[in-house]
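What follows is a set of notes on a single structure, which appears directly below.
The values are calculated or read from the model by the stated rules, or taken from the named source; none is laboratory data. Just so it is clear, the model here is predicted, and its values are computed rather than measured. FYI the Cβ positions are ideal-geometry reconstructions off the backbone, even for glycines, and counts take in every protein chain you see.
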Number of protein chains: 4
Amino acid sequence: MKNTFGSSVCVSLFGESHGAAVGAVLDGMAPGIRVDEELIRHQLSLRRPAGRISTARREQDAFEIVSGVFEGRTTGTPLTILIPNADTRSGDYRRGSLRPGHADYTARVKYHGFEDYRGGGHFSGRITAALTAAGAVAIGALRNRGIRVATHVARCAGIADASFTDPEMQMDQLNMMPFAVLDEAKGAEMRTAIEAAAEAGDSVGGVLETMVTGMPAGVGEPWFDTLESMLAHALFAVPAVKGVEFGDGFALAEKRGSEANDPFILQNGKTMTRTNHNGGINGGISNGMPILFRCAVKPTPSIALPQDSVNAEGTREEKLTLAGRHDPAIVHRARVVVDSTAALVLCDALALRFGTDWLKGDPAV
Amino acid sequence: MKNTFGSSVCVSLFGESHGAAVGAVLDGMAPGIRVDEELIRHQLSLRRPAGRISTARREQDAFEIVSGVFEGRTTGTPLTILIPNADTRSGDYRRGSLRPGHADYTARVKYHGFEDYRGGGHFSGRITAALTAAGAVAIGALRNRGIRVATHVARCAGIADASFTDPEMQMDQLNMMPFAVLDEAKGAEMRTAIEAAAEAGDSVGGVLETMVTGMPAGVGEPWFDTLESMLAHALFAVPAVKGVEFGDGFALAEKRGSEANDPFILQNGKTMTRTNHNGGINGGISNGMPILFRCAVKPTPSIALPQDSVNAEGTREEKLTLAGRHDPAIVHRARVVVDSTAALVLCDALALRFGTDWLKGDPAV
Amino acid sequence: MKNTFGSSVCVSLFGESHGAAVGAVLDGMAPGIRVDEELIRHQLSLRRPAGRISTARREQDAFEIVSGVFEGRTTGTPLTILIPNADTRSGDYRRGSLRPGHADYTARVKYHGFEDYRGGGHFSGRITAALTAAGAVAIGALRNRGIRVATHVARCAGIADASFTDPEMQMDQLNMMPFAVLDEAKGAEMRTAIEAAAEAGDSVGGVLETMVTGMPAGVGEPWFDTLESMLAHALFAVPAVKGVEFGDGFALAEKRGSEANDPFILQNGKTMTRTNHNGGINGGISNGMPILFRCAVKPTPSIALPQDSVNAEGTREEKLTLAGRHDPAIVHRARVVVDSTAALVLCDALALRFGTDWLKGDPAV
Amino acid sequence: MKNTFGSSVCVSLFGESHGAAVGAVLDGMAPGIRVDEELIRHQLSLRRPAGRISTARREQDAFEIVSGVFEGRTTGTPLTILIPNADTRSGDYRRGSLRPGHADYTARVKYHGFEDYRGGGHFSGRITAALTAAGAVAIGALRNRGIRVATHVARCAGIADASFTDPEMQMDQLNMMPFAVLDEAKGAEMRTAIEAAAEAGDSVGGVLETMVTGMPAGVGEPWFDTLESMLAHALFAVPAVKGVEFGDGFALAEKRGSEANDPFILQNGKTMTRTNHNGGINGGISNGMPILFRCAVKPTPSIALPQDSVNAEGTREEKLTLAGRHDPAIVHRARVVVDSTAALVLCDALALRFGTDWLKGDPAV
């Protein structure tokens, strides 16, 4: 399936960094969902580079909905969003040395040199603009059913953000913040550290923590379409994500069973767990508690410092010094991509479980 | 697809802990691969509980190959392995309180009480015996093409194993060890800690680190079938796995780009990387370096200590004290399950890339 | 996916004609459906050869449900049915000349001679016993929701059966008849013609016509998972099926639009069509009218008459005279296989549309 | 998967008759294949209505390749083709009575009235323009490997075309003809009959016969991804196709085994069959002979004659008289859609069998 994810609700991505456009086809989304262009624009703005801590490339991300929306709502048939590439400076790129940490080498091996190499081509983070736009529709659909997604920069450049204390309020705030943190002071520290890295010609990484509330219990499959499997599958497609963990994740490995298990309790007659070390998922199936996961985002591979490399033909070692416009960190921009990805996966899982109408819009809303 | 993984080489799992049998159907495996029953038996023995650090349940894991093997080799059509359940003591189990950390509650919500609850039913780790047997065939197929997989207990109960220093030699050793560690002294410490947890009526978790050597470059797909996506998808189906990371994984998030990037070098005319922080995968595609990943395995949820819980009907809080036979740790047993899972995923990825004959056996061998 | 069909409700087939067993894994079926072993037995008896018009091979088709049924009902997890092969006489088969009309040659090219060639191996019609058993569960599930499937031998050896006149009554009758026809006199003629072909060392084919009533409107997908696409996909896997048509099918090609269109009418406030030339499907989606399709079944390729052929190694032309036990017609036996296949496809389509619980059993029933 | 077909080479379709554009994403096509825009234009011209026997709607079908082509060749990443809708006259359409034979009713049930109903919306034959454009790339890729596809109007309005006698020559000719027949005199008769139907306010259907030469043996899967299953799945998505048969198809059902079997012969040391009643496929796998299949195309449902119908709300029976521009026949236009569909399916089957590089272009060509 390659550039497509999902089986009931699916998204396909296409486009290259320096081609005519990037885009997404969102198929299988329920009909009647109000498509909020303002939300799409907002989400795209959160992904867009901004200020000194981002690349100087400026894209307006003007998007065009080519199909699948009629009278402001989803039709239920494929919804295609096109985002033309405006600010491409191909002169900055040529088939030079292989950029360490990028897909230059692997793309060359796989596509035998026929790949569009300009700016990373189809491997560019630019494609996540399309994913973000499609994800905004999924986010809107989930909201109608009371399911909310929010992500914060839990770590960046070695600095830790606070943890969720009042998710209901905090999630809305995070979704408005260009640099999403729970503790703004920590966010300021992070940005300072990013700028320091940039000045050193270097880059930093971080960890994103995502919370999903309102997810009904009983969604996901044992062996092999666990909710963790489906989410991780899609999340590992987000560029620079090199680790995914649910609940306490790797920290669980250090705990004893008596600390890791979440005791069941009754709350207003509803079965819940007192703690949520398992991140809302048991046996691969949602248990009705908030879903919590973290993604490790590696530092941007494009750095100004000179690097050891090999030429594209693989015949000569050479020193690589990157020109062009680069992000000293992408973790804060990847945030909205992770939200979108998670929302798309959840729409798929919900439609598989409850049918294609479950997310359907209400004519009156 | 639920209980099936893969698109060209696929594995389907079935069975319940206390049913007649567990089993696997392996479909799409190339023809002509010698099926080494000794290897299957060996792999099953590595998964089998043993000694004081494991459950007292004893299964001989006698397996029967029901289809897909002819004159000792794969036919190319579905290979079905059946492992009858012998030592089932259903009396130990009844539809009692929901066991924290298990799938009792989520299975009940999803299957409306119709699930076979005995011993966890279809969610039981017992099903991994079938996965292990099918995986042994995949491991054998990969070996024929010079691809090897090995896993060690990198952490357990807070104790860290050594790292790979001489993979070629160490991988073979690991594959023979019931408790696979690179540093046997650390392994002894771990076992002592497991026993201590067992005596306290508790359990411990750990981290498994897997290395794959000999993987050709150029395998995997951008957006969304990255090699990381495919591996993580399947690995998160292994019970108790709550985190997956590739290369330096979450540690990468703490590094700068200049530390995280793997510089390209030429070695005997071949493009390689000097370091392997990215775990052999760039842009979702294998780069020819060893593939390295780690799985966080949570502590066994079944513990002897009393736990707070709720009855199966969700009407009453009650104290749960588990009878039955339980593992104080499963990380060392999960090792071979992870190897099998990885091998199956890689066979699928290779067949998708190079065709269904690529793993084909040689009539002469 | 190869030997698996379906995405929400899936069936996987395994086994060989002369191996230990044939079997099926039915995954994704809703929980709580009463599994009627009597119905499975009945369906298997309809598929089983009988009397002078069938092969002399006698299989009791004793089946074993290995997983997925608990206290007489589906659990919602994989349901595995195993049918051991009892009456295998491998001596009748050896790697001889390529049998015309069979898969001997194509299997050899595809599997490089590693295939189990005995009795057609995995390509044998014997595997349809497993499909029939799995299909019986699907048929039972559909019945609970008022959806019924029935097939008759519409043509055989040039003799045409009558058409449906009173489906409600006729469908039940057909499902009890070993040789399913609407006009018993025509059935007798057909059997005489089959016997005549058998005496001539030859075989005959036929056409099966299937009706499905009670199917809700709105199921199926445009571009490419039309209900016709899904049904045809699975039906063309039934051995010997070489044509599939819906509604008036090929006869529609001879009509004018004014004759082919089904006018809409209101009946008790419900939108229906006056005629059903389109077989209950418009634009790939069910319209609430009975679904009607026909399958062309070619004559059994195994005949006693000598045939021109080539040896297995492809080095020498030679005359082939088949020993062994063969059917002079399979169209009447294929009937229940077509019913099963259709039922499985419809369960999948319904689960995709309305969710995995739609077919769920009622605890009280 | 809905609007996507294929697993290694996949095509996704989007767009509506009166929306901004229709389009296709072709994913998984091998890299380095020269993209012949002239061929795309030519194929689109064959699909385009022309002369008195077609709708008066005139689309230039100017297409734009948005992604996946670099320096004139496929990159191996998703190739997106956009065809803007120019000549849309939405005024001709309103949510009127349900048009018999169309998807108006089923779309309404499925999408709850949120569908774009104008001109059939996403169900319009207009979407086949995108399929044709994507198919042209597949046709070009197959040609590079010596595989050719051609289709003729085998029957139309009760008039039969001749059969293939010299495929090699005839296939090239067919691919240049706007109204593809083997016997031009018969073609002239057909066109006269179409005009007669048009004058009567009616429409006619027909049968398309497709031949594929150069297909290697050993492609396709038993149970359930037979080559027939894959082809039929995609072909039944082509609007108006109501029947698909392979080789002699339904006529096989009337034959005896001795007539239906294709005897094996040796020709220049190669195993072939003397006849080709099975259409190049045995046991679901290609046998190296030409693949031959036929599609039944129903008469265009849009006719000028008044029809009985029901209003969109399903509350009132009413007489429907269609305004707008309609085809008295589409069988001749559907021809290139069938070619494209077949080519895409074969590319998928070949890539699954032989790997993603098998169709790869040669840098020198």
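Here C:A323 passes the criteria (1) surrounded by 23 or more Cβ atoms within 10 Å (Cβ to Cβ); (2) under 30 Å from C:A197 (Cα atoms); (3) away from every other protein chain (no Cβ under 13 Å) except the one numbered (1). So is B:L208 within 19 Å of A:H233 (Cα to Cα) and not in a loop (DSSP other than H, G, I, E, B) or not? Taking the combined requirement at face value, the residue does not satisfy it. Just for region A:326-359: of the residues that are within 12 Å of chain C (Cβ to nearest Cβ) and assigned to a helix (DSSP H, G or I), which one is nearest to A:T128 (Cα to Cα)? Per the stated criteria, the residue is A:D348. Cβ-Cβ distances below 7 Å connect the following pairs, each with a first residue in region C:338-358 that is at positive phi, a second residue that is assigned to a helix (DSSP H, G or I), and a separation of six or more residues or different chains: C:G355/A:R353; C:G355/A:F354. Restricting D:F164, D:F114, D:F123 to residues that are within 30 Å of A:D362 (Cα to Cα) and touching a strand residue (DSSP E or B) at 6+ places or on another chain (Cβ under 7 Å) narrows the list to D:F114. Comparison of A:D202, A:D183, A:D166, A:D172 shows that the only residue that is touching an Asp or Glu at 6+ places or on another chain (Cβ under 7 Å) and of a type in the set (D, E, K, R) is A:D183. The criterion of at least 2 residues that are in contact with a helix residue (DSSP H, G or I) (Cβ under 9 Å, 6 or more places away or on another chain) is met by the following strands (runs of 3 or more DSSP E) wholly inside region B:237-320: B:241-246, B:270-273, B:291-297, B:307-310.
Scanning for something without any contact (Cβ under 8 Å) to a residue 12 or more places away in the chain, crowded, with 20+ Cβ neighbours inside 10 Å and facing chain D (nearest Cβ under 7 Å), does region C:286-300 turn up at least one residue? No, there is no match, as no residue in region C:286-300 is without any contact (Cβ under 8 Å) to a residue 12 or more places away in the chain, crowded, with 20+ Cβ neighbours inside 10 Å and facing chain D (nearest Cβ under 7 Å). Taking each residue of region D:188-210 that is modelled with pLDDT of 95 or more and looking for partners that are among the hydroxyl-bearing types (S, T, Y) with beta-carbon atoms closer than 6 Å, six or more apart or interchain, yields D:A197/D:S203; D:D202/C:S258; D:S203/D:T300; D:L208/D:T151; D:T210/D:T151. On inspection, C:D183 passes the criterion of being more than 20 Å from the chain's Cα centre (by Cα) and surrounded by fewer than 24 Cβ atoms within 10 Å (Cβ to Cβ).
Here A:G140 clears all of (1) surrounded by fewer than 19 Cβ atoms within 10 Å (Cβ to Cβ); (2) away from every other protein chain (no Cβ under 14 Å) except the condition numbered (1).
There is at least one residue in region B:216-223 that is on the phi < 0 side of the Ramachandran plot, facing another protein chain (nearest Cβ under 7 Å), modelled with pLDDT of 95 or more and in contact with a helix residue (DSSP H, G or I) (Cβ under 6 Å, 6 or more places away or on another chain).
When you check A:V345 against the structure, is it more than 24 Å from A:G220 (Cβ to Cβ), among the hydrophobic types (A, V, I, L, M, F, W, C) and in contact with a Phe, Trp or Tyr (Cβ under 9 Å, 6 or more places away or on another chain), yes or no? Judged against the criteria, A:V345 is not a match. Checked against the criterion of being under 18 Å from B:T341 (Cα atoms), out of contact with any helix residue (DSSP H, G or I) (no Cβ under 6 Å at 6 or more places or on another chain) and not β-branched (V, I, T), region B:187-201 contains not a single residue that satisfies it. Return yes when D:A160 is within 21 Å of D:A62 (Cα to Cα), free of Cβ contacts under 8 Å to residues at least 40 places away in the same chain and surrounded by fewer than 24 Cβ atoms within 10 Å (Cβ to Cβ) and no when it is not. In short, no. Selection within region C:245-271: residues that are over 20 Å from C:A154 (Cα atoms) and more than 7 Å from chain D (Cβ to nearest Cβ). The member of this set that is surrounded by the most Cβ atoms within 10 Å (Cβ to Cβ) is C:E259.
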